[in-house]
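Student: There's a structure below that I have some questions on.
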Amino acid sequence: MKNEDNLQLIQRMINTAKENIEDDSFYFLLWGWFVFTACILHFILLKIAPDMQGIGWIILMPLGGIISMVFGIRQEKKQRVKSYIDDLMKYVLISFLVSLFTVLFFMKTLGLSTYPLVMLIYGIWLFISGGALKFRPLIIGGIVNCLLGITAFFFAFEMQLLILALAVLLGYIIPGHLLKRKFEISNGSITN
């Protein structure tokens, strides 16, 4: 390869890494806000309309899945170069989803342990994602989710909903906004 070709390859890899930061912020924000909203709605409906209490989950989770799929397919078409981090994150995501869906599938059996386990799974996902992206707010968010998950074992279901909302606020939403800002600064979209 000529030096010019090498420089172009390096530039493409840098641009791909920058795009991946934006992609990751999208998913953290989408799922953070959807889970946060579903938790708060569930908590409120428990008080005022118990027969409708799960409606937020029923609407928002499938909608989030559809949005994530469409966004992922579009991003996949744009991506020209895959990095080691892309491959690693794919395997981590698969492990995360298998663990999460297993816990949710056995929700009736797990009872009050369901949401604490979900927070622990979120925590592991956030911690690994933060480490792979070298982004401290996600690492801290992962630790916070694990601690809140452990704490939630000692509370009733209603409080677990609020603890889960707090966990996604601190683990997904705030780090997601910080990650998006980091991308915008590194991409030159905004200045410090």
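The values are calculated or read from the model by the stated rules, or taken from the named source; none is laboratory data. Every value quoted in this text rests on a predicted model; they were computed, and no experiment measured them. Methodologically, a virtual Cβ is constructed for each residue, glycine included, from the backbone with ideal geometry; neighbour enumeration extends over all protein chains shown. Quick note on the areas: whole protein, heavy atoms, side chains included, nothing else; ligands and nucleic acids left out. Shrake-Rupley method; radii C 1.70, N 1.55, O 1.52, S 1.80 Å.
Student: May I ask you to order 164-172, 52-60 by the average number of other C-beta atoms within 10 Å around their residues, highest value first?
Tutor: Top to bottom by mean Cβ count within 10 Å: 164-172, 52-60.
Student: Same structure again: From the Cα gyration tensor of region 19-128, with a ≥ b ≥ c the square roots of its eigenvalues, which class applies: rounded if a/c is under 1.5, or else prolate if a/b is larger than b/c, or else oblate?
Tutor: Judged from the Cα gyration tensor, region 19-128 comes out prolate (a/c at least 1.5, a/b above b/c).
Student: Further, regarding this structure: Work the Kirkwood hydrodynamic radius out for region 104-190: mean of 1/r over every pair of different alpha-carbon atoms, inverted, in Å.
Tutor: One over the average 1/r among Cα pairs gives 13.4 Å for region 104-190.
Student: Additional query: Excluding ligands and nucleic acids, what accessible area in Å² is computed for H177 using a 1.4 Å probe, to the nearest 10?
Tutor: For H177, the solvent-accessible surface is approximately 90 Å².
Student: Keeping every protein chain in place, order K78, K180 by accessible area at 1.4 Å, biggest value first, i.e. largest first.
Tutor: K78, K180
Student: Residue-wise, which Karplus ³J(HN,Hα) couplings in Hz belong to region 124-131, taking 6.51 cos²θ - 1.76 cosθ + 1.60, θ = phi - 60°, and x for glycine or proline?
Tutor: Computed from phi, the couplings for region 124-131 are 5, 4, 5, 4, 5, 4, x, x Hz.
Student: Follow-up. Determine the gain in length on full extension of the stretch L97-K82; use 0.36 nm per residue of separation and subtract their C-alpha separation, reporting nm with one decimal.
Tutor: Result: 3.3 nm gained on full extension.
Student: Would you please give the FRET efficiency between M159 and L63, computed as 1/(1 + (r/R0)^6) with r the Cβ-Cβ distance and R0 = 30 Å, to the nearest 0.05?
Tutor: E between M159 and L63, to the nearest 0.05, is 0.70.
Student: A further question on this structure: What's the lysine pair count for region 21-125 at a Cα cut-off below 28 Å, pairs eight or more apart or interchain?
Tutor: Lysine pairs, 8 or more places apart or on different chains, close enough: 4.
Student: Now, a different point. From largest accessible area down, sort D86, D51; use a 1.4 Å probe on the protein chains.
Tutor: D51, D86
Student: Additional query: Over all pairs of distinct alpha carbons, what does the Kirkwood formula give as the hydrodynamic radius of region 64-150, in Å?
Tutor: So the Kirkwood estimate lands at 14.2 Å.
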